[in-house]
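Single-structure report; data block below.
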Amino acid sequence: MTGIESLSSFITTGRLHGIGIGIGIGSTLGEVDRALRHRCVDVVDEGGASLRRDYGFVELYFNPGEEWVMSGGSIELHRLAHAPELATRWSESTGVEFARYTAWADVREALSGVPSAPEFTVTDQGGFRDYRAERSCVSVLVVDDDEEERGYRVGHGDVWSVSLWAPVRVN
């Protein structure tokens with residue numbers, strides 16, 4: 001599976017597919033461990049109120065309880081511009097192949113062929129554009145600075161990150 005195919009699925013559903021079972025908000029740490037057999041670093045905050053699991057350019061966030069439960073995550077695509085070996089290791093363990101740069105235009109094109117593709121709310125974020133898909137709780141941050149060129153960093157029109165957040169529940 002290509003990175004663009006994986007991102008299209010993630011943006012549409014709010015779940016990471018192509019790595020075994022689809023994982024997302026509410027997945028337990030055990031489910032994530034079964035789906036992702038990739039080297040990672042766990043960082044628990046001082047009070048034990050949260051866990052950040054860093055897989056290199058993918059980070060997943062968990063809240064405690066009876067079991068750690070996924071509360072969000074992000075795919076930090078900008079890290080691949082200066083560390084493309086992260087994508088190589090990810091591909092070896094998951095079968096998902098990300099390129100060094102991911103153009104938002106290419107992701108949008110892939111989404112155009114998906115019948116259930118979400119609509120986006122677009123906002124400016126000071127040098128970035130934030131494309132939020134409320135239905136799937138996914139946000140895509142895209143470089144929106146005409147002077148940014150590809151190289152050691154991502155360039156204008158490239159995806160900086162794709163983030164998943166837990167929806168706010170109103171009782």
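Take residue 107 and decide whether it is modelled with pLDDT of 95 or more and within 17 Å of residue 165 (Cα to Cα). Criteria not met by residue 107.
Look through 121, 102, 88 and report the one residue that is at pLDDT 95 or above, open to solvent by 70 Å² or more (accessible area, probe 1.4 Å) and among the β-branched types (Val, Ile, Thr). Going through 121, 102, 88 in turn, the sole match is 121. In region 55-83, the residues that are free of Cβ contacts under 8 Å to residues at least 24 places away in the same chain form Cβ pairs under 6 Å with partners that are open to solvent by less than 10 Å² (accessible area, probe 1.4 Å) and polar (S, T, N, Q), at six or more places apart or across chains, as follows: 59/74.
Can you name every residue in region 66-84 that is surrounded by fewer than 15 Cβ atoms within 10 Å (Cβ to Cβ) and more than 22 Å from residue 141 (Cα to Cα)? Across region 66-84, the qualifying residues are 66, 67.
Kindly establish whether residue 114 is of a type in the set (A, V, I, L, M, F, W, C), more than 30 Å from residue 44 (Cα to Cα), at pLDDT below 95 and open to solvent by less than 60 Å² (accessible area, probe 1.4 Å). Criteria met by residue 114.
In region 144-171, the qualifying residues are those that are open to solvent by less than 10 Å² (accessible area, probe 1.4 Å) and more than 13 Å from the chain's Cα centre (by Cα), and the one that is farthest from residue 77 (Cα to Cα) is 155.
With the structure loaded, tell me whether residue 93 is closer than 17 Å to residue 164 by Cβ and in a helix (DSSP H, G or I) or whether it fails that test.
The answer is no for residue 93.
Let me confirm something: among 114, 154, 107, 140, which residue is touching a helix residue (DSSP H, G or I) at 6+ places or on another chain (Cβ under 9 Å) and part of a helix (DSSP H, G or I)?
Exactly one residue qualifies, and that residue is 107.
Condition (residue is of a type in the set (Gly, Ala, Ser), open to solvent by 30 Å² or more (accessible area, probe 1.4 Å) and either in contact (Cβ under 8 Å) with a residue 60 or more places away in the chain or under 25 Å from residue 133 (Cα atoms) (or both)) applied to region 19-31: is it met by at least one residue? Yes, the conditions are met somewhere in region 19-31.
Residues in region 124-140 that are closer than 23 Å to residue 25 by Cβ and in contact with a Leu (Cβ under 9 Å, 6 or more places away or on another chain) were compared, and the one that is most open to solvent (accessible area, probe 1.4 Å) is 125. Here residue 2 clears all of (1) more than 25 Å from residue 102 (Cα to Cα); (2) open to solvent by 50 Å² or more (accessible area, probe 1.4 Å); (3) polar (S, T, N, Q) except the condition numbered (1).
The values are calculated or read from the model by the stated rules, or taken from the named source; none is laboratory data. These numbers come from a predicted model, not from an experiment. Glycine gets a Cβ as well: all are built from the backbone with ideal geometry, and neighbour counts include every protein chain shown. SASA here: full protein model, heavy atoms, side chains in, ligands and nucleic acids out. Shrake-Rupley method; radii C 1.70, N 1.55, O 1.52, S 1.80 Å.
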